[in-house]
Each structure stands twice: as structure tokens, then as C-alpha cells.
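The values are calculated or read from the model by the stated rules, or taken from the named source; none is laboratory data. All figures in this text were calculated on a predicted structure; none of them were measured in a lab. Cβ sites come from the backbone with ideal geometry, for glycine too, and all protein chains shown count toward neighbours. SASA here: full protein model, heavy atoms, side chains in, ligands and nucleic acids out. Shrake-Rupley method; radii C 1.70, N 1.55, O 1.52, S 1.80 Å.
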Amino acid sequence: MAHGEVLDFEEYVRTRQEALLRSARRLVPDPVDAQDLLQTALFRTYGRWDGIADKSLADAYLRRVMINTRTEWWRARKLEEVPTEQLPDDASVDDATEQHADRALLMDILKVLAPKQRSVVVLRHWEQMSTEETAAALGMSTGTVKSTLHRALARLRQELESRDIDARALERNDRRDERGQERCAA
């Protein structure tokens, strides 16, 4: 690889590494594994950098390399599970119910936003794009992104507070009903 192409690759990695690491983190749950996945993908891409004619497609190329690498790792994994007659005494199952409930609440609450507000929130907070990147992606000014985000977050806070107030009112009513039933039974 020519000296200029090496510098080209190094500059690309410096400017895109955070976004690429976020992509890796979406592919594997462990942050350390995500870093390993990105490093492996960068190593594999470095050898083929001069073959990527359109450098604007480098992100897509690297993401494909990460997906393929993750698939290779998954296929090559050593299965540590051994079938037995009895479950071990310390067998425990992680309960992801609360995480699923939070995600369901988030998805539900995003529905209260207008489509433009939802897009800004998702790009800024979920995809972690900068204000400038979000503005370019949505074809609006940075000022519009900031004001839209401000109003959207205020609306989300308001919705969360109203749902929390509703939930507390339901709890109070449930407790009153339980006390009333206890009195009738006595």
C-alpha cells in the first residue's frame, strides 16, 4: 500500500472510529468484544483499502466486514453447554423483563411525538449523531434541529410525568380497594 493510502486510511479511522464502534456495539453485547470486532474489521479492511474505489462507501464496507466477522466468531464459538440429567443448584436466569418493559415504554412514548421530532430524537440520541450530522441527514438547519430536539424532549418528559402520575393514582386506588376488601372480610 502506498504511503498516501496509509495516511488516507489512518485519517478515515480517526474521523469515523466512534461511529464504527457504535455499529460494533450494536452487533455484540459486550463492549470489549465490540472493540475487538472493530479492530479485526479494520485490520481486514486495511489490506483491501486500495481496492475500495469509492471511499464514501467505506463505512458500508466496514460494517459488512464486521457482520461477517461476527458471524465467523459465532460459528467458531466453543459450546460450553453440556447436557446433563439435572440442572445445577446455582442455575439462575437473568430476568430481562424490566429491560423489555423500558424498551416497550420508550417505543410507546415516542409515538406521542410528531414524525419530525421523532426523527430528530432518534438520530441525536439513539444513533448519537451530532447536531450537524442530524441537520444534514434531515435537510434542516442546525438551529431547527436544536429547537425541535428541545421541544421533543420537553414533550417526552411531560408524557413520562403524566404516565407516572397516572400509575401512582392507580396504585393508591388499588391500595384503597384492598383495604376496603379487608374491612368487608373482617
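What to note about this one:
- Unique residue being closer than 22 Å to residue 134 by Cα, open to solvent by less than 40 Å² (accessible area, probe 1.4 Å), under 18 Å from the mean Cα position of the chain (by Cα) and modelled with pLDDT of 85 or more when the list is 58, 19, 34: 19
- Leading residue by the ranking (farthest from residue 102 (Cα to Cα)) among those in segment 126-161 that are in a helix (DSSP H, G or I) and in contact (Cβ under 8 Å) with a residue 40 or more places away in the chain: 155
- Only a single criterion out of (1) more than 16 Å from the chain's Cα centre (by Cα); (2) modelled with pLDDT under 90; (3) within 16 Å of residue 64 (Cβ to Cβ) is not satisfied by residue 12, namely (2).
- Taking every residue in segment 8-22 that is within 19 Å of residue 53 (Cβ to Cβ) and pairing it with any residue that is open to solvent by 60 Å² or more (accessible area, probe 1.4 Å) and not aromatic (Phe, Trp, Tyr), at least 6 positions away or on another chain, the pairs with Cβ-Cβ distances below 8 Å are 8/55; 9/1; 12/55.
- Pick from segment 102-142, criterion closer than 23 Å to residue 19 by Cα and small (Gly, Ala, Ser), ranking: surrounded by the fewest Cβ atoms within 10 Å (Cβ to Cβ): 139
- Within segment 99-118, tally of residues that are under 19 Å from residue 147 (Cα atoms), in contact with a helix residue (DSSP H, G or I) (Cβ under 9 Å, 6 or more places away or on another chain) and assigned to a helix (DSSP H, G or I): 4
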